[in-house]
1. Name every residue in segment 9-32 that is of a type in the set (Gly, Ala, Ser) and modelled with pLDDT of 95 or more, in order of residue number.
2. Criterion first (assigned to a loop (DSSP other than H, G, I, E, B), modelled with pLDDT under 80 and either surrounded by 10 or more Cβ atoms within 10 Å (Cβ to Cβ) or touching a strand residue (DSSP E or B) at 6+ places or on another chain (Cβ under 9 Å) (or both)) does residue 55 satisfy it?
3. Restricting the first residue to segment 16-42 and requiring it to be touching a residue at least 24 places away in the same chain (Cβ under 8 Å), which pairs with a second residue that is polar (S, T, N, Q) meet a Cβ separation below 8 Å and a spacing of at least six or different chains?
Amino acid sequence: MRNVRCGSCRALLFRARQNAIAGDIEIKCRRCGTLNHLRPYEPFSDRPERPKRTNACGSSFP
């Protein structure tokens, strides 16, 4: 579990497992009232990887 804290006063906002945050979130600190904006560490790719293209000779150039 990872502790997520306020950027201003360092108060504990919540605890989360790694990769638990799937999108951007905003959470208001109960202690100081700061609005904290959080994003996932590694955003998920929206598109799949492109396959490598090779010519008949094995070159990767077109």
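The values are calculated or read from the model by the stated rules, or taken from the named source; none is laboratory data. The shown structure was predicted, so the numbers you read here are calculated from the model rather than taken from an experiment. Here Cβ is always computed from backbone atoms with ideal geometry, including for glycine, and neighbour counts include all displayed protein chains.
1. Correct list: 11 only.
2. no
3. 32/8; 34/8
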